[in-house]
């Protein structure tokens, strides 16, 4: 089973040329900024501070920890309850377009049984309601 250390995860997280990083070629990641097999729709939001609601949501939800927060970029880790798996979840706001791009990736294994895609869709329901 593949396992990424926090230092290795840093290679895949953060902004690259102003965008979220691509997913590695593993079935444990989704990203809204790259049109490939890992694509997921960005969140549609309105307002001057689109990440405000995301920050509130992750701060009030179990398992999330804010790792980096700089203006229009937010990086959180999510630790699962039972197995303590760590996933990286990143958000990049484009306020002028009313979008928040998202990337969610597991640090462990090749395939996550759709857990990251489900997490993003669950967050979307809460944010867009």
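The values are calculated or read from the model by the stated rules, or taken from the named source; none is laboratory data. All values derive from a computational prediction rather than experimental measurement. Here the Cβ positions follow ideal geometry from the backbone for every residue, glycine too, while neighbour counts run over all protein chains shown.
Please verify whether the stretch 6-15 includes one or more residues that are more than 27 Å from residue 129 (Cβ to Cβ) and assigned to a loop (DSSP other than H, G, I, E, B). Among the residues of the stretch 6-15, at least one is more than 27 Å from residue 129 (Cβ to Cβ) and assigned to a loop (DSSP other than H, G, I, E, B), which makes the answer yes. Restricting attention to the stretch 45-55, the residues that are surrounded by 12 or more Cβ atoms within 10 Å (Cβ to Cβ) and over 13 Å from the mean Cα position of the chain (by Cα) add up to 5.
If I filter the stretch 1-25 down to residues being modelled with pLDDT under 85 and either surrounded by 15 or more Cβ atoms within 10 Å (Cβ to Cβ) or touching a helix residue (DSSP H, G or I) at 6+ places or on another chain (Cβ under 9 Å) (or both), which single residue comes out as farthest from residue 124 (Cα to Cα)?
The first filter runs over the stretch 1-25 and keeps only residues modelled with pLDDT under 85, leaving 1-12.
Imposing the further condition that a residue be either surrounded by 15 or more Cβ atoms within 10 Å (Cβ to Cβ) or touching a helix residue (DSSP H, G or I) at 6+ places or on another chain (Cβ under 9 Å) (or both) reduces the set to 4, 9, 12.
Values: 4: 26, 9: 24, 12: 23 Å.
Restricting to residues being modelled with pLDDT under 85 and either surrounded by 15 or more Cβ atoms within 10 Å (Cβ to Cβ) or touching a helix residue (DSSP H, G or I) at 6+ places or on another chain (Cβ under 9 Å) (or both), the top hit is 4.
Restricting attention to the stretch 70-122, the residues that are farther than 16 Å from residue 12 by Cα, touching a residue at least 12 places away in the same chain (Cβ under 8 Å) and either touching a helix residue (DSSP H, G or I) at 6+ places or on another chain (Cβ under 7 Å) or in a strand (DSSP E or B) (or both) total 7.
Does any residue of the stretch 94-102 turn out to be on the phi > 0 side of the Ramachandran plot and modelled with pLDDT of 90 or more? Can you show your working first?
Residues of the stretch 94-102 that are on the phi > 0 side of the Ramachandran plot, as a first pass: 98.
Narrowing the set further to residues that are modelled with pLDDT of 90 or more leaves 98.
Yes: one or more hits.
Here residue 33 meets the list (1) at pLDDT below 90; (2) under 15 Å from the mean Cα position of the chain (by Cα); (3) part of a loop (DSSP other than H, G, I, E, B) almost entirely, failing just condition (1).
Do we find a residue being under 19 Å from residue 11 (Cβ atoms), in contact with a helix residue (DSSP H, G or I) (Cβ under 7 Å, 6 or more places away or on another chain) and either assigned to a loop (DSSP other than H, G, I, E, B) or free of Cβ contacts under 8 Å to residues at least 60 places away in the same chain (or both) anywhere in the stretch 42-65? Taking every residue of the stretch 42-65 in turn, none turns out to be under 19 Å from residue 11 (Cβ atoms), in contact with a helix residue (DSSP H, G or I) (Cβ under 7 Å, 6 or more places away or on another chain) and either assigned to a loop (DSSP other than H, G, I, E, B) or free of Cβ contacts under 8 Å to residues at least 60 places away in the same chain (or both).
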